[in-house]
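The values are calculated or read from the model by the stated rules, or taken from the named source; none is laboratory data. The structure presented is a predicted model; accordingly, all values stated were derived computationally and were not measured. Cβ placement follows ideal geometry from the backbone for every residue including glycine, while neighbour counts extend to all protein chains displayed. Heads up: the accessible areas ignore ligands, DNA and RNA and are worked out on the full protein's heavy atoms, side chains in. Shrake-Rupley method; radii C 1.70, N 1.55, O 1.52, S 1.80 Å.
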Amino acid sequence: MDLSSHWYGVCERHGLGLFAEPLNLLSNFGFIYVAIAIYRYWRTHEDIEARWIWDIKVLNLLILIIGVNSLVFHANPTQLTEIADTIPIVCFILIYFLSVLFRIGKCTKFQAFVCFTAFVGFSHVLVHQFPRALNDSIGYLSSMMALIVIAVWLHLRARPSSQYFMLAALVGVVSLFCRAIDREVCELWPYGTHFIWHACNATL
């Protein structure tokens, strides 16, 4: 059974087996590795461990969950496993955006509310108006655009962190591009490029 035409299909899957997407499966271990590495990093630095970093800890837990749930989804793609794959990603994006506004942007509560509302509203409009655009990747476009805006804003204010966000934005653009062209390259490369999306996001 060819699942590539299904609404949640990816290029690499052309059958029903648990290991029908080997590269998509393996690439999810990047998230698990990153989550463990970050956890070990702050656990070995008492100055970091002592700080009020609940949001960082939640985000790190979500990275682990994203890796595990995405692995399960690509082993057994169903509507249920897709929902389980999507929810932690959405939670990560929203919490990360708020965290950046307060920790790096130093926004007031009102400024953060305005920016967050604009971000969520813009994301909703994009998905509603172009639901299948970019190979069903339109929901991630606003996140990558937000990274670019944050990077530019920090750069204009000569903040040292701007270089890291510039790099993150570049990785994000490459990542989204690889997800968007996954089915388009099927005839040339049967494994597709979805696994590169995983690898880039783990790096990001």
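A few remarks follow.
- Orphan Cys of the chain, criterion: no other Cys C-beta under 4.7 Å: CYS91, CYS107, CYS115, CYS178, CYS200
- When the chain is described by a simple charge dipole with +1 on each Lys and Arg Cβ and -1 on each Asp and Glu Cβ, the residue from HIS155, ILE196, ILE87 located farthest towards its positive end is HIS155.
- Overall form of region 46-115 per C-alpha gyration tensor (a/c, 1.5; a/b vs b/c): oblate
- Whether region 17-146 is rounded, prolate or oblate, judged on the alpha carbon gyration tensor where a/c under 1.5 counts as rounded: oblate
- Only Lys, Arg, Asp and Glu carry charge here, each on its Cβ (+1 for the first two, -1 for the last two); on that basis region 87-186 has a dipole of about 400 debye about its Cα centre.
- Among ALA50, ALA35, ALA20, the largest mean-square fluctuation in a Gaussian network model of the chain, built with springs joining Cα atoms closer than 10 Å, belongs to ALA50.
- Using a simple spin-label model with pseudo-atoms 7 Å out from Cα toward Cβ, SER161 and LEU61 lie 2.2 nm apart.
- Estimated [θ] at 222 nm from DSSP helical runs (n ≥ 4, -39500 (n - 2.57)) normalised by residues in the chain, nearest 500: -23000 deg cm²/dmol
- With every protein chain in place, the chain: carbon and sulfur % of accessible area (1.4 Å): 72 percent
- Alpha-carbon centroids, region 43-66 and region 17-40: separation in whole Å: 20 Å
- Solvent exposure of region 85-168, expressed per residue, is 61 Å² of accessible area, with all protein chains present and a 1.4 angstrom probe.
- On Cα atoms only, tilt of 194-203 relative to the major axis of the chain in degrees: 20 degrees
- Relative to the longest principal axis of the Cα atoms of the chain, the long axis of helix 109-129 lies at roughly 20 degrees.
- Region 69-84 and region 161-192: distance between their alpha carbon centers, rounded to Å: 21 Å
- Virtual spin-label span in nm between GLN129 and LEU26, 7 Å along Cα→Cβ: 4.1 nm
- On Cα atoms only, tilt of 162-180 relative to the major axis of the chain in degrees: 20 degrees
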